[in-house]
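The values are calculated or read from the model by the stated rules, or taken from the named source; none is laboratory data. Predicted, not measured: the structure shown is a model, and the values here were computed from it. Glycine also receives a Cβ, built like all others from the backbone with ideal geometry; neighbour counts cover every protein chain displayed.
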Amino acid sequence: MFDPHFNKIIEQLVDNFLGSGIYDAAMRDRKTTIGGSTTRDRHDPYCQDAGPNGDFTIPQRWDCYTSQEHARWDFLFNRQVELLGSRAASAFLEGVDLLRLADPGIPDFDRLSDVLEARTGWRIVAVPGLIPEHAFFDHLAHRRFPAGDFIRSAGQLDYLQEPDVFHDVFGHVPMLANPVFADYMQAYGQGGLRAIGLNAIDRLSRLYWYTVEFGLVREAGGHRIFGAGIVSSYGETLFAFDNPSPNRIGFDMARVMRTRYRIDDYQPTYFVVDSFEDMLRQTQDTDFAPLYEGLSNMQDIAADATIYKDRVITHGTHSHVQKAAV
Ligand SMILES: [Fe+2]
């Protein structure tokens, strides 16, 4: 998901977040507006933007997408599925099949939600952009996944200014069809609501970053990818799975919460969960208030570092960073 321009915007979002309390420091998941070159043609008044509801959702208005926008989804879907066949976690691929994401065109959130809800109780809701942190966590805590409804422009297929419907739906939603991961996401939302009161959003954001967005899982005698930021990115799929440059380290909750991350490049470190059951169990078993308190006295760990306690699976060569620095 590396994209210098996109990440520049994210830096601004982070600044906004830190300054105003607007959510999305780590999630980089919401767009700031629905306008601009990435949005659909809305000449029809019916398709014009309406203000959000009280919970910051908007109608998707699936019938307003153009044939070109549907074709853009199809191109991205077919390219990514071909790449992911031997690299993505089986749970992700099962979700793609179960939700019939191979059906042509941008998914209709209502139809998709009906299938997903029957499986795990989750629904997809459209949102117009950044939403307050409380609203985001509240949606997750109630098994609603907020997704942007616009799709990137034809000139930006690999140059994503803002996370779009392909990232949000193709990247995130298949894992929500997995019952264990579905519970994890709800637990994350509930933890987020608690973290607001504990002033610990930055710690919890790192957990989201290194699992939901950039997580790997042990599988088939090696590792497979499941993070939405990877599976929705052609370049980062190859980098995270195949490249010798990054570290790959066994997942540990406290370790992750101490670890910085890159917003301007591929990740120098990926964390590998033993299983989704273990990831959920660690989340449910952790008493977060004392964990946050303990971490407040500990130094952050650099994004490319390993420490003596790590279960290092792959010592990265960091050749990518060295090349990038030249
Ligand atoms: Fe995301």
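I need the full set of residues from the stretch 141-180 which are at pLDDT 95 or above, more than 14 Å from the ligand (Cβ to nearest atom) and on the phi < 0 side of the Ramachandran plot, in order please. Within the stretch 141-180, Ala141, His142, Arg144, Ala177, Asn178, Pro179, Val180 meet the criteria. Cβ-Cβ below 6 Å, separation at least six or inter-chain, first residue in the stretch 82-94 and among the basic types (Lys, Arg), second in a strand (DSSP E or B): which pairs? That search, which allows pairs on different chains as well, returns Arg87/Ile225.
Figure legend. Inter-residue proximity from the stretch 208-226: first residues within 11 Å of Phe251 (Cβ to Cβ) and at pLDDT 95 or above, second residues part of a loop (DSSP other than H, G, I, E, B) and within 11 Å of the ligand (Cβ to nearest atom), beta-carbon distance below 6 Å, spacing 6+ or different chains. Indicated pairs: Gly215/Gly227. Only a single criterion out of (1) in a loop (DSSP other than H, G, I, E, B); (2) farther than 17 Å from Gly229 by Cβ is not satisfied by Ala303, namely (2). Number of residues in the stretch 190-240 that are in contact with a Ser or Thr (Cβ under 8 Å, 6 or more places away or on another chain), away from the ligand (no atom under 16 Å from the Cβ) and of a type outside the set (Gly, Ala, Ser): the value is 5.
This table checks each residue for (1) within 29 Å of His223 (Cβ to Cβ); (2) in contact with a helix residue (DSSP H, G or I) (Cβ under 9 Å, 6 or more places away or on another chain); (3) among the aliphatic types (A, V, I, L, M).
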residue: Leu93; (1), (2), (3): yes, yes, yes
residue: Arg100; (1), (2), (3): yes, yes, no
residue: Gly105; (1), (2), (3): no, yes, no
residue: Phe109; (1), (2), (3): no, yes, no
residue: Leu116; (1), (2), (3): yes, yes, yes
residue: His134; (1), (2), (3): no, yes, no
residue: Asp149; (1), (2), (3): no, yes, no
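A count restricted to the stretch 241-278 and to residues that are within 16 Å of the ligand (Cβ to nearest atom) and of a type in the set (D, E, K, R) stands at 1. On the stretch given as the stretch 114-128, residues that are free of Cβ contacts under 8 Å to residues at least 60 places away in the same chain and either under 18 Å from the mean Cα position of the chain (by Cα) or within 17 Å of Val231 (Cα to Cα) (or both) total 2. Checking each residue in the stretch 115-157 for being surrounded by fewer than 19 Cβ atoms within 10 Å (Cβ to Cβ), among the basic types (Lys, Arg) and not in a strand (DSSP E or B) picks out Arg119, Arg143.
Filtering the stretch 233-253 to residues that are among the small types (Gly, Ala, Ser) and modelled with pLDDT of 95 or more leaves Ala240, Ser245, Gly250. Summed over the stretch 49-62, the residues that are without any contact (Cβ under 8 Å) to a residue 12 or more places away in the chain and within 27 Å of Asp158 (Cα to Cα) give a count of 0.
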